[in-house]
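The values are calculated or read from the model by the stated rules, or taken from the named source; none is laboratory data. Quick caveat: nothing in here was measured; it's all calculated off a predicted structure. Glycine also receives a Cβ, built like all others from the backbone with ideal geometry; neighbour counts cover every protein chain displayed.
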Amino acid sequence: MVKERARILVVGGGYVGMYTALRLQRRLKRELERGEVEITVVTPDPYMTYQPFLPEAAAGAISPRHVVVPLRRVLDRCRVVIGEATAVDHAKRTATITTLATAEEGTGGQQLPYDELVLAPGSVSRTLPIPGLADHGIGFKTVEEAIGLRNHVIEQMDIASSTRDPAIRDAALTFVFVGGGFAGVEALGELEDMARYAARYYHNIRPEDMKWILVEASDRILPEVGEEMGRYTVTELRRRNIDVRLQTRLESCADRVAVLSDGARFPTRTVVWTAGVKPHPVLAATDLPRNDRGRLRCTAELSVEGATHAWAAGDAAAVPDVTAGEPGRECAPNAQHALRQAKVLADNIVHTLRDEPLQTYEHAYAGSVASLGLHKGVAHVYGRKLKGYPAWFMHRAYHLSRVPTFNRKARVLAEWTLAGLFKREIVSLGSLEHPRAEFELAAGGKPSQDPPHNPKGSS
């Protein structure tokens, strides 16, 4: 039984936010029924995105609806507020929240009091001041970006198929991906696979007409799967005629020309930016301690250093890795740690409310798996190295076991099964990005080409 009524505020609806709130509502079921505890989740989207499935969603292997988990259905005992926390004053135990309603009313943010705070806003794309990147770059962190990129790639193939201008055709069929981590390599692998398949339905486009370029600033890709598997991945991609350029940077993409640090220039209409992430900007608007990378300083119990009743995990938190055997080592900001940290974080909040001892977060990194397209992958798990079909199968099996809710597991498995029996879908639904354009034109107005409103803003 808790000592007194507790208001728990969870900022963020991603891995840590959703799983923390889910475990809290299970562990505190009786307290919630008696009104002794209130759990509020503030998130810019009404769903949690399972990001490892974004490359397959972009390739059309999984429906976008099945990559996301509706928070209101899963967190049925929590209060879900669609909005953003723009500032936190932990000394006063209040958070400033902006919602669509406050934006419409023009009243600014509202103050939301709390007793226990969980900061799990995740991360945003880490960009550099590269000329043309803001105008022409495409991100790959959200389901909207993944589906938008799929539509864009197919649209470029349509442009190349219908133009008589060789310069336009060449630019349309050149795809540049910047960043050799999981997001960049998996997105490139899946989309190249899809485009190569789609080319058979174009009378004048062959797979070898397309240029796929991966740009990585370091001397290796996929460091999480080890050096040997990273080298294999480079070999596999190059075998598919993908131009992998290591120790190379993007210096400009102005005027739709990608200029690389090695002097190469590629006219292109597609620059996908996956070169890392940085902590969410809301962390800078708090009075909580951060490290030199902008992440919250945390203890091994997942509480924020020097701040009672404040907790953090995932991308927003610098959590000491007690299994590393060396001081100062921190847990990597990845999904594997985030899922497990959420469980310990929720349990420690319950222990705090019940005046019980806290537990330490301790998890040795198990390894990583990555997909390189249909039936292709690499894996380094518990010291074992796999490649090709076995690694791809392990990738699917692992993430199917980790995607939340039985409903989503069943739907994803059904889609994979049907995909094995029928041909790929190569339909582009790019018009979804401007759904009112046709009606505006019919009504005598000028179709708007502005991008749809993004409640999360941009960084």
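Only one of (1) crowded, with 24+ Cβ neighbours inside 10 Å; (2) touching a strand residue (DSSP E or B) at 6+ places or on another chain (Cβ under 8 Å) fails for Thr40. Which number is that?
(1)
Could you list all residues from the stretch 278-292 that are in a strand (DSSP E or B) and surrounded by fewer than 19 Cβ atoms within 10 Å (Cβ to Cβ)?
Lys278, Arg290
May I ask you to list the residues in the stretch 347-376 that are part of a loop (DSSP other than H, G, I, E, B), in contact (Cβ under 8 Å) with a residue 24 or more places away in the chain and over 26 Å from the mean Cα position of the chain (by Cα)?
Arg354, Asp355, Leu358, Gln359, Thr360, listed by residue number.
Test each condition in (1) at pLDDT below 90; (2) buried (at least 19 other Cβ atoms within 10 Å of the Cβ); (3) farther than 26 Å from Ala317 by Cβ for Ser125 and report the one that comes out false.
Condition not satisfied by Ser125: (3).
So in the stretch 377-388, with the set limited to residues that are without any contact (Cβ under 8 Å) to a residue 24 or more places away in the chain and under 14 Å from Gly189 (Cα atoms), which one is farthest from the chain's Cα centre (by Cα)? Outline the logic, then answer.
Going residue by residue through the stretch 377-388, those that are without any contact (Cβ under 8 Å) to a residue 24 or more places away in the chain are 377, 381-384, 386, 388.
Next cut, under 14 Å from Gly189 (Cα atoms) only: 377, 388.
Values: Gly377: 20, Gly388: 25 Å.
Among those that are without any contact (Cβ under 8 Å) to a residue 24 or more places away in the chain and under 14 Å from Gly189 (Cα atoms), it is Gly388.
For residues that are within 17 Å of Ala264 (Cβ to Cβ) and surrounded by fewer than 21 Cβ atoms within 10 Å (Cβ to Cβ), tally how many sit in the stretch 168-225.
3
Please work out if Pro327 is touching a helix residue (DSSP H, G or I) at 6+ places or on another chain (Cβ under 7 Å) and either part of a strand (DSSP E or B) or modelled with pLDDT under 95 (or both).
Criteria not met by Pro327.
In this structure, is Val234 surrounded by 18 or more Cβ atoms within 10 Å (Cβ to Cβ) and within 18 Å of Asp170 (Cβ to Cβ)?
In short, no.
Quick one: which strands (runs of 3 or more DSSP E) sit completely within the stretch 43-160 and have at least 2 residues that are in contact with a Gly (Cβ under 9 Å, 6 or more places away or on another chain) and among the polar types (S, T, N, Q)?
Answer list for the stretch 43-160: 94-99, 123-125.
Okay, residues lined up against (1) outside the structural domain of Tyr15 (by TED's automatic domain parsing); (2) among the small types (Gly, Ala, Ser):
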site	(1), (2)
Gly314	no, yes
Glu330	no, no
Arg340	no, no
Leu374	yes, no
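Step by step: first the residues of the stretch 213-227, then only those that are part of a helix (DSSP H, G or I) and among the charged types (D, E, K, R), then the one that is nearest to Asn241 (Cα to Cα). Which residue is that?
Selected residue: Glu227.
Could you check the stretch 1-45 and list, in sequence order, the residues that are within 15 Å of Leu117 (Cα to Cα), more than 29 Å from the chain's Cα centre (by Cα) and among the aliphatic types (A, V, I, L, M)?
Ala6, Val37
Mind counting the residues in the stretch 84-95 that are crowded, with 20+ Cβ neighbours inside 10 Å and over 14 Å from Val118 (Cβ atoms)? Write out each step before concluding.
In the first step, residues of the stretch 84-95 are kept if they are crowded, with 20+ Cβ neighbours inside 10 Å; the result is 84-85, 88, 95.
Those still in the list that are over 14 Å from Val118 (Cβ atoms) too: 84.
Qualifying residue count for the region: 1.
For Val272, state whether it is among the β-branched types (Val, Ile, Thr), modelled with pLDDT of 95 or more and either over 30 Å from Glu144 (Cα atoms) or not in a loop (DSSP other than H, G, I, E, B) (or both).
Working: among the β-branched types (Val, Ile, Thr): yes; modelled with pLDDT of 95 or more: yes; either over 30 Å from Glu144 (Cα atoms) or not in a loop (DSSP other than H, G, I, E, B) (or both): yes.
Answer is yes for this residue.
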